[in-house]
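Worksheet: the structure to be examined is printed underneath.
The values are calculated or read from the model by the stated rules, or taken from the named source; none is laboratory data. In this text, all values refer to a predicted model and were calculated from it rather than measured experimentally. Here Cβ is always computed from backbone atoms with ideal geometry, including for glycine, and neighbour counts include all displayed protein chains. The area values use the complete protein model at the heavy-atom level, side chains included, leaving out ligands, DNA and RNA. Shrake-Rupley method; radii C 1.70, N 1.55, O 1.52, S 1.80 Å.
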Protein chains: 2
Amino acid sequence: MADLSSTSRRLRDLGVRRATLIVDRDRAEANIARYAARAAAAGIVLRPHFKTHQSAGVAQWFRKAGITRAAVSSIGMARYFADHGWDDLTLAIPANPLEVEDYDTLAGRVALGLTIDSHATCDALEERLQEAVSLWIEVDTGGGRTGIAWDDHAALTSLALRLRAGSGRSAQEPRHRFAGLLTHGGQSYGARDRLEAAAIFATVRRRLQAAAAALGDAGLSDDSRRGTDATGSSILLSAGDTPGFASSADWSGLDEARPGNFVFHDLMQLSLGTCTQDDLACAVACPVIGVYPERHEAAVHAGAVHLSKEHLSGTDGRAIFGRLIGLSADGFTSLLPGWDVASLSQEHGLIAARTQQARHGLAAVKPGDLVLVAPVHACLTCEQFTSYLTLDGEIISRYRR
Amino acid sequence: MADLSSTSRRLRDLGVRRATLIVDRDRAEANIARYAARAAAAGIVLRPHFKTHQSAGVAQWFRKAGITRAAVSSIGMARYFADHGWDDLTLAIPANPLEVEDYDTLAGRVALGLTIDSHATCDALEERLQEAVSLWIEVDTGGGRTGIAWDDHAALTSLALRLRAGSGRSAQEPRHRFAGLLTHGGQSYGARDRLEAAAIFATVRRRLQAAAAALGDAGLSDDSRRGTDATGSSILLSAGDTPGFASSADWSGLDEARPGNFVFHDLMQLSLGTCTQDDLACAVACPVIGVYPERHEAAVHAGAVHLSKEHLSGTDGRAIFGRLIGLSADGFTSLLPGWDVASLSQEHGLIAARTQQARHGLAAVKPGDLVLVAPVHACLTCEQFTSYLTLDGEIISRYRR
């Protein structure tokens, strides 16, 4: 079992001197394998969202697990993965009319999916997109972020009919293909626990199916479940969000799963009950630069620019910006009880010893030690680094905007 | 007067297509000139903290105003500015014993100040630092982040005596110089208004002086105000934080001022009353990717990875992640009333129209428009970008970790 001092020693042995993003590759690969198996069992395409890791090196671990398609959230990220051999990418955020030329260039190289939720954006694409793309209509199934409301049948049907028409342009090569309906049930992040996340996920799937059924009623589909359209090609249903897929064994009614966070998980998933401590696969090694026993705290040179300001609320309402985790010869261990990251400024973090045992441990902490912080939100924390360091000492680079 | 549509047009004319960090150079230079003049009037050295802008190009604007010294918050940032001709730099965060070799290398090139608050860190520096540096003792004047408590006279005196001894090493070239006492009154960010920030600043200065007086009582100084030490060399007093310096005309009792944020200011400073809308000098241009009139919102492709998750609480307790600001031919305008950034996920932001007038304006917004978001915390927002775009179309690069 790792403790503060053995964790510090191992991190120093890895050569860490300053805030460094560490990945436990075994755990990440286990997370990937588990989701790949679950998708296969459900008969669903797993198109993981690569915004979490944004790394061609980490993407190779997905490829080893048989994954060949991915979702991304910017054209720059799409180009990066295209440059690294990924040839089936969906930009799972509403298309930006100002970037149509960028989409067009990329669509000449890879199978590109774009997302839209308005005629205005469709206008921009039809006007200036020369290459063939797959178009997804985003459906808001309760997340309230982007997409056409799932029960706004008029708007859904109107846009879908237009896409169908566009995809069947007489003699011409079709410039786009209506791929289906895409949603992100992000409201699952507001769930109190895994059961509530599962209930939200069931609602998301039901609403997405209802939206597809509405297209069927409008003659766009002869299959009210998943909407195989009148020409015989399927209208696929694609959903995202790790808490949804993590919380429920039932992935039925979907054709494609786009979770992203599951590769690393984080404290947010842990608090939702949608992962275990053994699934936490990334953390930030942070050098201790000050120790303040009288207030049961130590300062680390790792702040909001390393961990992000994302936080959880502790049981007493205190903000928690991370927790300490151990490192043993076998990799990451459980969380070290009684420790959390209590505050962050730009480059400073304060870790607080909350229990008697932790306070006892603080007595041995000194500047130059290293602690390992499990992040609240892995996606935002990883974004702050240019590379990962594996426990084997390998440096794996990331896409940078 | 700029409105949504004229602002969008001007941003498009600047060539903006995706989330882009914009700086109003005239405003930034006016902010710099104002602080340079105030420091000169107070007879205090202005050593601005460059962590806010982290740009050699922006640093040139300081040099034009006669500034030749700076504070930084990481060794990488220090190296970057050293590479761009800055030869007097203070690392205003407790030194990291794991980076002593890096400090040593840099101290061979520039006048380097380091900050310590413990004997343990002093051990590491004495053991391995070959080059001469200036050492500051950090004093906690109520911020509760790093530093020796201002009223812990025993700890302060013990460390100061050690530094004095170290700086007077018999025949040897002194390896370090005890520069003085340094504090960051970050508790000013918790002030309700400018008056409270001024009161906090007065307390910070009084406590720093009291700490210096304690050193005087221990024979380290013959001047209880600022602590000129027994050898006749001054023990300087250095304080940071923009709200403190912004809130009060009285900078007396200090030798050095290290505010950083003032170059750009932001909504946090505005809410503290420590800047005006006319001082806001940086903002993020964001493309609109969705419009949702039924919930009075529009989505932008700009999220936590562009703006950071830093937020303010609105009068009704709602989180505010930014506000819209206008752009005219003369530069940034006032904030556009009735608009705020209501939520952020990784790459998405939702802007909300809160008033009837703003909701009326929303009717004309469409995907492909651009809005300009004034950030809550400029330091964290700028950190998310590799460069600034000026209103003249100049691209100014930034240090990247």
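If you filter segment B:1-19 down to residues that are within 14 Å of chain A (Cβ to nearest Cβ) and assigned to a loop (DSSP other than H, G, I, E, B), you find that the one that is nearest to the chain's Cα centre (by Cα) is B:Ala19.
Here segment A:98-123 is the region considered, the condition is being open to solvent by 10 Å² or more (accessible area, probe 1.4 Å) and within 11 Å of chain B (Cβ to nearest Cβ), and the residue that is nearest to the chain's Cα centre (by Cα) is A:Asp117. B:Gly368 fulfils the conditions (1) surrounded by 24 or more Cβ atoms within 10 Å (Cβ to Cβ); (2) in contact with a strand residue (DSSP E or B) (Cβ under 8 Å, 6 or more places away or on another chain) except for a single criterion, (1). The residue that is farthest from the other protein chains (Cβ to nearest Cβ), counting only those in segment A:351-360 that are under 23 Å from A:Arg9 (Cβ atoms) and polar (S, T, N, Q), is A:Gln357. The number of residues in segment A:139-152 that are open to solvent by less than 10 Å² (accessible area, probe 1.4 Å), on the phi < 0 side of the Ramachandran plot and within 13 Å of chain B (Cβ to nearest Cβ) comes to 2. Would you confirm whether any residue within segment A:82-97 is more than 16 Å from A:Leu159 (Cα to Cα), touching a Lys or Arg at 6+ places or on another chain (Cβ under 7 Å) and within 9 Å of another protein chain (Cβ to nearest Cβ)? Yes, because at least one residue in segment A:82-97 is more than 16 Å from A:Leu159 (Cα to Cα), touching a Lys or Arg at 6+ places or on another chain (Cβ under 7 Å) and within 9 Å of another protein chain (Cβ to nearest Cβ). Remark: B:Ala42 falls outside the filter, which requires a residue to be of a type in the set (A, V, I, L, M, F, W, C) and open to solvent by less than 20 Å² (accessible area, probe 1.4 Å).
Just one of the numbered conditions (1) open to solvent by 10 Å² or more (accessible area, probe 1.4 Å); (2) away from chain A (no Cβ under 13 Å) is not true of B:Pro48: (1). Of all the numbered requirements in (1) more than 26 Å from B:Ala30 (Cα to Cα); (2) of a type outside the set (A, V, I, L, M); (3) within 14 Å of another protein chain (Cβ to nearest Cβ), B:Gly338 misses one, and that requirement is (3).
The single condition among (1) surrounded by fewer than 20 Cβ atoms within 10 Å (Cβ to Cβ); (2) more than 13 Å from every other protein chain (Cβ to nearest Cβ); (3) in contact with a Pro (Cβ under 8 Å, 6 or more places away or on another chain) that B:Phe62 does not satisfy is (1). Please work out which residue is nearest to the other protein chains (Cβ to nearest Cβ), limiting yourself to segment A:372-386 and to residues that are in contact with a helix residue (DSSP H, G or I) (Cβ under 7 Å, 6 or more places away or on another chain) and within 29 Å of B:Thr121 (Cβ to Cβ). Taking the candidates together, the pick is A:Gln384.
What residue, of A:Arg258, A:Arg206, A:Arg226, is among the basic types (Lys, Arg) and at pLDDT below 90? The match here is A:Arg226.
So that you can scan it fast, the table gives a plain yes or no per residue for (1) away from chain B (no Cβ under 11 Å); (2) over 28 Å from A:Val291 (Cβ atoms); (3) under 22 Å from the mean Cα position of the chain (by Cα); (4) open to solvent by 50 Å² or more (accessible area, probe 1.4 Å):
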position	(1), (2), (3), (4)
A:Gly349	no, no, no, no
A:Leu362	yes, no, no, no
A:Tyr388	yes, yes, yes, no
A:Glu394	yes, yes, no, yes
A:Arg398	yes, yes, yes, no
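Hey, among A:Thr68, A:Thr90, which residue is out of contact with any helix residue (DSSP H, G or I) (no Cβ under 6 Å at 6 or more places or on another chain), of a type outside the set (Asp, Glu) and more than 30 Å from B:Val16 (Cβ to Cβ)? Just a single option satisfies the conditions, and that option is A:Thr68. Would you say B:Arg295 is of a type in the set (D, E, K, R), more than 12 Å from chain A (Cβ to nearest Cβ) and either open to solvent by 10 Å² or more (accessible area, probe 1.4 Å) or over 18 Å from B:Thr381 (Cα atoms) (or both)? For B:Arg295, the condition - of a type in the set (D, E, K, R), more than 12 Å from chain A (Cβ to nearest Cβ) and either open to solvent by 10 Å² or more (accessible area, probe 1.4 Å) or over 18 Å from B:Thr381 (Cα atoms) (or both) - is not met.
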